[in-house]
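Take a look at the structure set out below.
The values are calculated or read from the model by the stated rules, or taken from the named source; none is laboratory data. These numbers were taken from a predicted model, which means no experiment stands behind them. Note that we place each Cβ from the backbone using ideal geometry, even for glycine, and neighbour counts take in every protein chain shown. These area figures cover heavy atoms from the full protein model, side chains too; ligands, DNA and RNA do not enter into them. Shrake-Rupley method; radii C 1.70, N 1.55, O 1.52, S 1.80 Å.
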Amino acid sequence: PLYVVIDMPGFAALRTWMALLSLVMLGFTARAMARTLGDHAGIALLICPGLVAAAHIAMFAVLPDIAAGMAMTLALLAAYRIALGLAVGARPCWRDLAMLEAALIAALYMRGPMLLTAIVIHAVLGMVALCAGRQRAGNAVRIALGLATFAVLLAPWSMASTQRFGQPIITTTNFPLVIADSFGNPEKTCFGPCGSGYDIWPAWHFAQGRAA
């Protein structure tokens with residue numbers, strides 16, 4: 001969104017914007033953790049990342065790893081609430097299902113390898129729905145509808161990738177550099193054409209030099 005307002009923001013503005021987004025996501029995730037598992041869990045989430053220097057560095061960088069991790073944490077919390085409800089005979093809450101699918105697709109768009117985790121979460125919830133409670137079929141249908149929603153949200157990215165590369169592709173790694181190198185204009189990727197080399201490495205070295 002920053003690039004919608006400012007065509008070429010400076011490094012200070014860009015890193016400040018990314019830090020603000022990361023802090024907002026961290027606060028939202030800690031609140032969800034506290035509401036689901038207790039205040040001690042939310043406090044632990046706020047404390048533990050602060051002990052890792054790389055977390056502070058990543059919060060200021062245009063890297064999706066930290067944000068994807070927090071989105072997946074929100075998805076796991078929603079999955080935990082759904083599974084806990086199923087275990088006591090309650091039907092999956094539509095709000096928790098919506099949170100689950102929104103958080104999963106957000107994590108997947110930021111980090112493509114999250115796809116396997118998303119599949120496992122749906123598989124586990126499906127098995128729990130079929131094994132617990134009297135309304136097994138209805139519960140399984142709700143989980144299936146959530147999975148279908150996830151697939152619909154993923155479809156635009158899959159279709160764009162498949163069209164771009166000419167072969168079936170479900171998702172990609174989603175690093176900003178990979179997106180620029182795969183979908184951007186090669187004449188502008190390195191503020192002009194990148195140097196010669198293999199795969200994304202010319203753009204990688206250029207970006208590394210600019211960041212330094």
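Below is a table of values for the structure above.
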quantity	calculated
Tally, over the stretch 82-95, of residues that are of a type outside the set (A, V, I, L, M) and either under 15 Å from A19 (Cβ atoms) or buried (at least 21 other Cβ atoms within 10 Å of the Cβ) (or both)	1
Search result, residues across the stretch 28-56 that are of a type outside the set (A, V, I, L, M, F, W, C) and either under 18 Å from R81 (Cα atoms) or in contact with a helix residue (DSSP H, G or I) (Cβ under 7 Å, 6 or more places away or on another chain) (or both)	T29, R31, R35, T36, G38, D39, H40, G42, P49
Criterion violated by F150 - all others in (1) among the aromatic types (F, W, Y); (2) outside any loop (DSSP other than H, G, I, E, B); (3) surrounded by fewer than 16 Cβ atoms within 10 Å (Cβ to Cβ) satisfied	(3)
Residue within the stretch 162-169 that is within 23 Å of E101 (Cβ to Cβ), out of contact with any helix residue (DSSP H, G or I) (no Cβ under 6 Å at 6 or more places or on another chain) and open to solvent by less than 60 Å² (accessible area, probe 1.4 Å) present	yes
Sole residue being modelled with pLDDT of 80 or more and open to solvent by less than 60 Å² (accessible area, probe 1.4 Å), chosen from G133, G126	G126
Test for L45: is it at pLDDT 80 or above, aliphatic (A, V, I, L, M) and farther than 30 Å from A129 by Cα	no
Among (1) open to solvent by less than 30 Å² (accessible area, probe 1.4 Å); (2) within 19 Å of A106 (Cβ to Cβ); (3) among the hydrophobic types (A, V, I, L, M, F, W, C); (4) assigned to a loop (DSSP other than H, G, I, E, B), the one test that C190 misses	(2)
Residue count for the stretch 96-121, restricted to those that are surrounded by fewer than 16 Cβ atoms within 10 Å (Cβ to Cβ) and under 14 Å from L145 (Cβ atoms)	1
Selection count, the stretch 193-212, where residues are in a loop (DSSP other than H, G, I, E, B), surrounded by 10 or more Cβ atoms within 10 Å (Cβ to Cβ) and modelled with pLDDT of 80 or more	4
Matching residues, the stretch 49-88, being in a loop (DSSP other than H, G, I, E, B) and modelled with pLDDT of 85 or more	V88
The listed residue being closer than 16 Å to M110 by Cα, touching a residue at least 12 places away in the same chain (Cβ under 8 Å), open to solvent by less than 20 Å² (accessible area, probe 1.4 Å) and in contact with a helix residue (DSSP H, G or I) (Cβ under 6 Å, 6 or more places away or on another chain), out of M72, M59, M25	M72
Check on N139, of a type in the set (S, T, N, Q), open to solvent by less than 40 Å² (accessible area, probe 1.4 Å) and within 21 Å of A58 (Cβ to Cβ)	no
